[in-house]
Every structure is written in C-alpha cells, then in structure tokens.
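One structure is given here, and the rest of the page talks about it.
The values are calculated or read from the model by the stated rules, or taken from the named source; none is laboratory data. Quick caveat: nothing in here was measured; it's all calculated off a predicted structure. So basically every Cβ, Gly included, is an ideal-geometry build from the backbone, and we count neighbours across all protein chains shown. Quick note on the areas: whole protein, heavy atoms, side chains included, nothing else; ligands and nucleic acids left out. Shrake-Rupley method; radii C 1.70, N 1.55, O 1.52, S 1.80 Å.
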Amino acid sequence: MPDVITVRVQTGLDSFQEVVVKIERPTYNKPFLGGFRNVSTGVEFHNAGSQTKPKKRPDKGIQLFSKEIQTVVEKNVRQQTRNTTSTQMTKIGLYVSNMTDKLITPGKYFTAEEYHKRRLEAVIILQKYFRRWHAINLVQNLKEQKRLRLAWEAQEELQKKREKEEKLRREYEKKLNPKTKEDFELLYHDLELWMQEETERINRTLTGAKRKAALCALLEEETELIACIGMHKLDANLQNQQKAILHFLDKCAQPRIWKAFDGKITEMDTQNSLRGKELLEIYRSISTKDLPKDERTSVLLTLKCTVKEHECKLTQEIVALIDREIDLMSRGVKECNLEGLRERICTLFLQYIKIPEFNPGVAGLLKVPPDPLKLYKNVYFCHSCEKYLAPTEFLILANSRTIGRCRSCYQLDNEARKRESYLKYRLILENLRKSEVDYQDDSKIVFLVQLPDLKYLIENIWNGQSALSAYSDLYDLVLVRWDKQHEWSPWNTILLTKDEADAHLKLCNLQKTYEAPFICKVEQKHIRAKNYFAQIPVMSSFLHRSNNQGNANSYK
C-alpha cells in the first residue's frame, strides 16, 4: 500500500469530492481482537481495530511506578439479638415455684497473681509430661538405631566372612585344577613356601649325615611335585589353546556393531562376517569328538567342498587327508587310530582359515601381518630365548636401561628361582586402574606402572600393610589417591583397606583430619617413591609437573 491514497467521497446527491489521505504506518503490533471463520468457504475474518495512536502521557522527567493497593472497607452496623428472654418474679397475686432454684454461694476469691501462678504450674506439668514423652521416643529411636547398626555390622561381618571363605575356596579350586598362568604362579609360590618350611625344619632338627639325607629326599620330592605341576600345565595349555582358537574364530565372525545417536545398537552382517561364521561352524564340527560315522562323513564332505573353492597346495593336502579318512572309516578302522589324522586335518584347516585370501575377516586380527616388511621397525631381540618378538612381549621395569628379557623368560625364571605370585598385586592394580578411569580426568601414570614396580611400591615403601590400621592381608588392601584433586601417582597414593579408602575419599581437608606426624610419615613415603620412579624416563615429565604443582601450592 502506498503512503498517500486518494479517496472519492460523496458530498451531495450528485456531487463528489476527492480527498487525499496520508497513511501512517503503525509503530507497534495491534492486538488480536477476535474474529470468526466461514464454515463453508473456510475464509477467516478478523475484527478490525482503530488506526489511531494511543494517547501518550506527558513526560514529566520523573520516573514513575504504578502499584495496586488493596484496602479493607469497614462499616459499623448495629444488631439486635433474635432470642428475647424475660424473668418473672413472685408478687401479689402470682406464685412462682422455687423448687428448681439453685442456691449459689461465692467461692474463694483469688487475685490475678494467684491465677497466673496456677497457670504456670499447669504449664510446668504439661511440659514435664511432654518432655517425658519426648525422652521416651528419643531413647526408643536410639535403641532402634543401635539395633539396626548392630544388625548391619553383623551382616557386614558375615558378608566379609563369606567373601573370605569364597575367596579361599576359589583359591583352593585354582590350586586343585590350575588352568591359567596365575593358577600356576600360586602353585609354584606354595611349593616355594613349603620348601622353605621343610628346609628350616630339617636344619633345625637334624645334623650331619641325617640332615644331608633329609635334604636329598626333600629335593627328590620337590622334583616329583614340579613334574606333576608340569603335567597339569601341559593339559591346561591344550585346553586353553582350543579355547583361544574358538575365541579367535568367533571374533572373525562378529558382525559390525555401532551405536546410533538415540542410543540404539545396530548390527550388520557383512560378507566377511558371514564367511567367518561359515568357517567357524565347520571347524567346530570337525573338532567335535564321538560323532557318528554318517555325520562325520557329511562334515568332511562339506569341508571338502569349502576348501575346493581355492586351488593351492594347502587345499590339495586337506582334500587328500579328507579322502584318506573317509576311506579308512569305510574300512572300519577304529576311531582311536584316526585321532592323529583328524588332528592334522584340524591343524591344516586352521591354517586355511588364517589366510586373508580365504577368510578376509582375519586380516585385522593376525599378530604377524602378511607383509614382513612391517615387522622390521617394530621387533626386539630377547637375549635369553634368542627370539625376535613384538614390544608388547617385553616387561620393562622401572630401573631398566635396556629391553632385557621377554615375559616368557621372566615367567620361566620366576618358576625356577623366586617363585613369586603376582595375583594379589594384579588385583590391586586392576582395581586401581578401574577407579582412575571413573575419575575421567585423563590419568596416565597408573597405566605406566608394571606389576614388579607395584610390588616394590607396596612391599618396600608401604611395608605391605595399611597406613592407618597396619592390616596386612593384600586381598583387602587398595591403593587410592592421597589428594583426590590430583591424578594418581606413586607419590600421590596411600595404601588402605577398602573401608578406610571409602572414608578417606570422602574427606575434604586432609590437614584438619589427620595429625601432623601421620602426614609427615606419608610424605616421607612419597619422597621415597619419587626417588625410585624417577628412574623411568617417561615418568620424569610427570614428576617435574607434580613438583611444580607442589611449589605453587606451598607458595599459596
């Protein structure tokens, strides 16, 4: 619409006049005044508002505020009672009976002071009974709290006892049926403790030739026990090897999994994962024992069709072995005589599965890459077993200057000489790393500490016991932060029991909670830890950073 329009206005019967109208644009949004909608056509009509500007109040130069005030309207009204009564008295000619009258005599008069005194005594009596009732309730609540506390302590004590019994039972089960490296560490550790006790007993009770004979008998018994442990170790290695193979093949058959923005998990099977599942099912079938002849023959034919898809020397050898087993089964050869042939088929088929050309999903899971050139810059030589191994196979201690021996050589040396068990220290380190991950403050030092370093920290610096209660069972001890505002480090830690650690982490001010001699003792242990772990080049930067933070805090 233009700013100026011309409007033709009728001024008479036959006379018209054109008027120029200037349009003023509104400086504010007019309010919605309602309207209606035509049901048949759907057209909406709005109520129109005036186009005149609202009248503005003159500006007096003073800022004014409006406030609504609500006042009470009062009025006085006279009222008359609706119940009118009268009194009739005896007079001449009128008799009023006095049989129901009552004779009222005035009581003892008491002053305002006596009245208030009586009220005070009544209030004191009320307070006395109320305080008695309140004291009874308070004592009952205290008794109930004490009962609940004693029941909770008894429950906790029973729970700890059950956990300790369960821990001993699991440890006994591990020693009775060892399967992992930790189980055999416990066996060798117990063997060493038994040897020390027996040697001490022999040296204490026997002398001369009898002592030498007893030591020789003890040595022969130790040799038999070591041989027995070695037999258990071979059986466990066979079982663990089969489990590791199935786990490896199961990883090859895993589908692609990703998490969407709404939190839903999506799985997708690819060609590689479907191929991995097919090979996994075939391997499980051919490695299963005590199958009927018909099922075994069907499995072998399926394997033959699978490997025939690729022509090479390995597949030709597998096909030849399959034909040989089928021929021997048809001739009625006993299954005990076919075990070697079947193991050979499983071994060759496993080699077939580990070739990326035949199973593409295995390419990212192989420890040794297909291209040997990638190993040249990432391989180290073990001077003990004279093998070239990956860096992850070496255990680097805090005071190491070179690569040293690999983990297998360290384990073999431990079984032959020291026979130390790192199970307790491994549990402490796992719990420590889990707690540091929960802080979510990018803690790094805890993942650089190795088991021998942690053992030195616990045994030599903290003396293998709680700093508060001197409790020495490592199964119930944990390492936590001394100052929870900074990341964990060997110079910012304290060894406590689990209950003491929970209470310690709730503290806000260590200086007010602990006494000065105890804080000084902890700081001395931190200085010893700094001197030991400063030998690690990677930790030197963290050590300098912690020193700078300590100087800044002392300056503040």
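Observations, loosely collected:
- Count - residues of the stretch 194-218 that are part of a helix (DSSP H, G or I) and surrounded by 12 or more Cβ atoms within 10 Å (Cβ to Cβ): 14
- Those residues of the stretch 311-335 which are under 23 Å from LEU246 (Cβ atoms) and open to solvent by 20 Å² or more (accessible area, probe 1.4 Å), in sequence order: LEU314, GLU335
- Some residue of the stretch 360-370 being in contact with a helix residue (DSSP H, G or I) (Cβ under 9 Å, 6 or more places away or on another chain), assigned to a loop (DSSP other than H, G, I, E, B), within 18 Å of GLN271 (Cα to Cα) and modelled with pLDDT of 85 or more: no
- No other residue among LYS175, LYS160, LYS181, LYS212 is touching a residue at least 60 places away in the same chain (Cβ under 8 Å) and among the basic types (Lys, Arg) apart from LYS181.
- Members of the stretch 102-152 found to be open to solvent by less than 100 Å² (accessible area, probe 1.4 Å) and in a loop (DSSP other than H, G, I, E, B), listed by number: GLY107, PHE110, THR111
- Residue within the stretch 270-288 that is in a strand (DSSP E or B) and farther than 25 Å from GLU335 by Cβ present: no
- Cβ-Cβ distances below 6 Å connect the following pairs, each with a first residue in the stretch 404-421 that is open to solvent by 50 Å² or more (accessible area, probe 1.4 Å), a second residue that is modelled with pLDDT under 85 and of a type in the set (A, V, I, L, M, F, W, C), and a separation of six or more residues or different chains: ARG407/LEU395; TYR410/LEU395.
- Filtered by the rule that a residue be at negative phi and loosely packed, with under 10 Cβ neighbours inside 10 Å, the stretch 27-36 gives THR27, TYR28, ASN29, PRO31, PHE32, LEU33.
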